[in-house]
Structure formats: C-alpha cells, structure tokens
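Written below as structure tokens is the structure these notes are about.
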Amino acid sequence: MSARTLHPLLSKVAGWGRARACLSALALAMGSMQAAQAVEQGYPQRPVRLVVPFTPGGSTDIVARVIADAMHSGLGQPVVVDNRSGASGLIGAEYVAHALPDGYTLGLGTISTLVVNPIMLPQTARLDPAKAFVPVVALASIPSVFSVHPDLSVRSYAQLVALARSKPDLLNIGSAGMGSIGHLIADRINTDLKIKLHHIPYKGQGPVVSSALSGETQVLSDQYPSSAPHVASGRLIPFAVAAQERLPNLSQVPTFKELGHPGLNNLAITWFGIVAPAGTPAPVLQKLNAAANAALRDPAVQERLQSLGVQALGGSPQRLREMMEETAQAVRETVHERGLSPVMR
C-alpha cells in the first residue's frame, strides 16, 4: 500500500486518537465537577460502595465487612461491600480506578493488589496503584505463622535451619502460585536463612495448607487465622511468626524480626487498606478516614478482629502510603537478590 493511500487512513486513526483523548479529558472534568458537587451537597447523600477484589468468605472479605458495617454510624449512610474478583484482583482494582472520584466507590487494597501484583505479574502492570488511587486509611494487618509437619522432629527455628542446611534437598514449601506473595516469601526465606527449600506452587492457599497437613510439603507459611486451629491441635508445629510482636497465643514463638530478619518479617505480614480513585476531594477523604478510624476504635469491632487474629491499624492516609512503600522495597529486594522474573499467568 502506497504512502498516498495510507495518509488518509493514518489521518483518520490520528483523528480517532485525538477524539478519544478529548473524550477522556471531558469525562475526567465531568467527574471532578461531580465530585466537587458531592462536597457542596454534604457528603455522603447515598450509600457508599466498597469494592473487594476477591470472592466472598476469605479473610480480606471478612475484614472488609466488619469495617464496612461499623462505618455506617460515622457516615450516616451504609457502606456496601461489592465483591468483584478475577485476574488476581485486577478486575476489582480497575473498576475502582475508573470510577468517579466522588467518594461513592472505594476499594479494599491489599499487599497483593497494591504492591506485589504490579511488580510480579506483568498482566496487571497496566494499572499503577500509586497513580490510580489515593490512600484513605490502613485498616488491619494479619500476622503469618511459619510451621512444620510434626513428623519432621523440628521444634524450633534453630532446629529447622540446622536440618535444612544439613540436608538441602529434603524440605519443600508451598505457595499459592508463581508470582504470589507466598512465592516471594519462600524465596526470601532461602535468602535470609541461607537454606534451600524447594518451592512448590499450588493453585490457591487452600491446597498449600492441605499439602502441609498431609506432609507433602514440610514447611508452611500461612496467615495466622487459618493456621491457628491446626497449631492448637498439634497438626502443625510453629517455629516463627511474622508480626510486630509475639502473638499472645504463641508467646513462646519468636518473630522473624527478633531472629534478625526484619525484611522477611515485614514481607510476610498481610495488610489491608481502603483506597479511593485518584482525584477524590480532600474533604471527602477526610470524612472517610474519620469514619474508618471511628469504626476501628469500636470495642465490638476490635473484639471481632482480635478473634480473627487481626490487628486493627487506622491512622492517617500517610500510614497506608508508607506501608505500600516499605512493602514495595522488601518485594524489590527479594526479586533482585533471588534474580526473580515477572511471571505470566
């Protein structure tokens, strides 16, 4: 095809590109106007939607619903949880990123959706959380428990390290999949502890726990709420935890921070936070932050979260931003030290 023939086509393509850009700019301007009107009218005037990018029933969803119910009194309007799962959390995250920045659509961000996925899963890279969202509040963190199968005859961190170093081809550790936070934790364990655990990726955390209980894998990294019953029954033996301080129910088990591995400790603490679309007006963010903090101070909420092994956080939006930055640093250190590559799923 000649350049003369191509020129009109290229002009049309360029024209469509300019039109799309204009439409995007117009939509953004209209969204900003509607957001400003929401502030003038007295926010909120209707229910607020909190998008959870995972299926109902998991720890993320449970925490979201506990907080959402309690925020009702602070806002004077219901906060309704909307589960939009798929694509490692990308579907729900994009829904929030493209919503009007008027405070009526929020997202529950996690360590995976806000930090790990953009680094490890290229298919999620089209959404940059740092640009697409503004932080509202850090909600909660969940400690992780590191345990072994009882048949392994390991009862402490020192014994695990000694065994792994003496028999480097013996021990397996599972994760919820290549590129998952569990995958990064497994690699960070090998780096920090100077041992060699064989990483076995599964499809989800459920099979990971089952493999540890059956003895198919010998070392398990798991959130405390799901491991607690198995630890209590003796089916799993804990040797370390990832937490800011020792857990009350596992006071004899040291944190990885105590053991000299603060990076691993921070990487393995799961956290949640509320984010809003970029451009959400500051007065709306302030009201949402105040309502969330009030909910987290509610004794009934604190009791419920403690029963789940969850630590309430709260504070300013800056706290969530700092958590994102600190975790991103730990993830990038792990990727660099282990020579990991982004994973295509």
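The values are calculated or read from the model by the stated rules, or taken from the named source; none is laboratory data. Bear in mind the structure is a predicted one, so any value in this text is a computation, not a measurement. Note: ideal-geometry Cβ built from the backbone for every residue, glycine included; neighbour counts use all protein chains shown. Quick note on the areas: whole protein, heavy atoms, side chains included, nothing else; ligands and nucleic acids left out. Shrake-Rupley method; radii C 1.70, N 1.55, O 1.52, S 1.80 Å.
For the reader, a short list of remarks on this structure follows.
- Only Cα pairs under 8 Å and 6+ residues apart enter the sum, and on that basis the relative contact order of the range 247-316 stands at 17 percent.
- Solvent-accessible area of HIS261, all protein chains in place: 20 Å² (probe radius 1.4 Å, heavy atoms, ligands and nucleic acids excluded).
- Accessible-area composition of the range 119-244, carbon plus sulfur, in percent [1.4 Å probe]: 57
- Approximating the spin labels as points 7 Å out from Cα along Cα→Cβ, the GLN252-to-ARG319 distance works out to 3.3 nm.
- Ranking GLY103, PRO135, PHE146 by how far each Cα lies toward the positive end of the dipole of the range 92-172 (charges on Cβ) leaves PHE146 at the top.
- Among beta bridges that DSSP assigns inside the range 132-238, antiparallel share in %, nearest 5: 60
- Accessible area (Å², 1.4 Å probe, nearest 10) - SER144: 10
- Quarter of Cα convex hull surface for the range 193-345, i.e. mean projection, nm²: 11.7
- Karplus 3J(HN,Hα) series, Hz, for the range 261-274 with 6.51 cos²θ - 1.76 cosθ + 1.60 (x for Gly, Pro): 10, x, x, 5, 4, 5, 5, 8, 8, 7, 9, 10, x, 9
- Ordered by solvent-accessible area of protein heavy atoms (1.4 Å probe), largest first, the residues HIS198, HIS183 come out as HIS198, HIS183.
- Each of HIS230, HIS98 has its accessible area taken with a 1.4 Å probe; listed largest first, they run HIS98, HIS230.
- Loop sites in the range 107-175: trypsin sites (Lys or Arg not before Pro), DSSP, at most 11 other Cβ within 10 Å: ARG126
- Directionally averaged shadow of the range 84-132, computed from the convex hull of its alpha-carbon atoms, nm²: 3.2
- Accessible surface computed residue by residue for the range 93-187, with neighbouring protein chains in place and a 1.4 Å probe, gives 33 Å² per residue.
- PHE133 contributes about 20 Å² of solvent-accessible surface, heavy atoms of the protein only, 1.4 Å probe.
- Ligands, DNA and RNA are left out, and with a 1.4 angstrom probe the accessible area of the range 198-345 is 48 Å² per residue.
- For the residues MET178, MET323, MET120, a 1.4 Å probe over the protein chains yields an accessible-area ranking, largest first, of MET178, MET323, MET120.
- Inter-probe distance in nm under a simple model that places probes 7 Å from Cα toward Cβ, at GLN302 and ALA232: 2.2
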